[in-house]
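Novice: Take a look at the following structure, please.
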Amino acid sequence: VNVLRPLSTTIGKSLVSELTPQTFDRYWKKREAQRTINDRPRVGKSTIRKECIAATKMLRWARQRGLTAVNPLQDYEKPMEPAGAPARALTYEEEDRVLALPPPLERDVVAWALDTAMRRGEILALTWPRIDRAAGVIHLVGRKINKLRKVPLVLSDRLSGILSRHPQRTTTDLVFHRQDGKPLNRDRLNGMLENAMKSADVP
């Protein structure tokens, strides 16, 4: 549902019989052209590929159940998964340079990511009920494979300090949030981190 939300917002009210492969071509080209405030692509090719796969499966499901007579994406050529740069860990010196630049809240989010290897979405959705300080673990359900895993809080001395700086509120269960208790803005966080890494000369 989350993957298909942008597509649904754009052409969700169209009749399936009116859709053609060219309709989706135009949609995904428009998605590729979107930019953030830092003139970076708002969505990557990997995201567009996931949308294409999800839409194809949705239309196939509907046709198999007689909800639609056609699947305009039946023979659609899906975008290839882009080859990303090899992943590598930051050196301690690079970490220090990057962490010296963001505001305190965002700095703690970045430090949390560095020390736990949690994904961005996992960190932004992290709630206090998932944290067992007595046992020293974070209980996570992976968004990609829906599998429970535990992240030890003893991975770094910084983690305990970060939790102390962000005490549990009565207005929200989120660990990292805005002053009004609402979730942090993902695009703003991405832009801040990109600027910090660029200023710190970290590729």
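Novice: Between Leu148, Leu155, which is of a type in the set (A, V, I, L, M, F, W, C) and either out of contact with any Gly (no Cβ under 9 Å at 6 or more places or on another chain) or modelled with pLDDT of 95 or more (or both)? Explain how you work it out, then say what you get.
Specialist: Details: Leu148 fails: either out of contact with any Gly (no Cβ under 9 Å at 6 or more places or on another chain) or modelled with pLDDT of 95 or more (or both).
Selected residue: Leu155, the only one of Leu148, Leu155 that is of a type in the set (A, V, I, L, M, F, W, C) and either out of contact with any Gly (no Cβ under 9 Å at 6 or more places or on another chain) or modelled with pLDDT of 95 or more (or both).
Novice: Same structure again: Going residue by residue through segment 72-84, is there one that turns out to be open to solvent by less than 90 Å² (accessible area, probe 1.4 Å), of a type in the set (Lys, Arg) and within 17 Å of Leu4 (Cα to Cα)? Let's see the steps before the verdict.
Specialist: Kept after step one, since they are open to solvent by less than 90 Å² (accessible area, probe 1.4 Å), are these residues of segment 72-84: 72-73, 76, 78-79, 82, 84.
Applying the additional criterion that residues be of a type in the set (Lys, Arg) yields 78.
Among the residues that remain, those that are also within 17 Å of Leu4 (Cα to Cα) are: 78.
There is at least one residue in segment 72-84 that is open to solvent by less than 90 Å² (accessible area, probe 1.4 Å), of a type in the set (Lys, Arg) and within 17 Å of Leu4 (Cα to Cα).
Novice: Looking at Thr36, is it free of Cβ contacts under 8 Å to residues at least 24 places away in the same chain, closer than 30 Å to Ser199 by Cα and among the β-branched types (Val, Ile, Thr)?
Specialist: Considered against the rule, which asks whether it is free of Cβ contacts under 8 Å to residues at least 24 places away in the same chain, closer than 30 Å to Ser199 by Cα and among the β-branched types (Val, Ile, Thr), Thr36 comes out as no.
Novice: Now, a different point. Determine whether segment 108-130 contains at least one residue that is free of Cβ contacts under 8 Å to residues at least 60 places away in the same chain and touching a Ser or Thr at 6+ places or on another chain (Cβ under 6 Å).
Specialist: Within segment 108-130, one or more residues are free of Cβ contacts under 8 Å to residues at least 60 places away in the same chain and touching a Ser or Thr at 6+ places or on another chain (Cβ under 6 Å).
Novice: Please state which one of Thr47, Thr23, Thr68 is surrounded by 13 or more Cβ atoms within 10 Å (Cβ to Cβ) and assigned to a loop (DSSP other than H, G, I, E, B).
Specialist: Thr68
Novice: Filter segment 97-145 for residues that are modelled with pLDDT of 95 or more, over 21 Å from Pro167 (Cβ atoms) and open to solvent by less than 50 Å² (accessible area, probe 1.4 Å) and give the result.
Specialist: The answer is Val98, Leu99.
The values are calculated or read from the model by the stated rules, or taken from the named source; none is laboratory data. Because the structure is predicted, anything quoted here is derived from the model rather than measured. Heads up, the Cβs are rebuilt from the backbone with ideal geometry, glycines too, and the neighbour counts pull from every protein chain shown. In case anyone asks, the SASA skips ligands and DNA or RNA and just uses the protein heavy atoms, side chains included. Shrake-Rupley method; radii C 1.70, N 1.55, O 1.52, S 1.80 Å.
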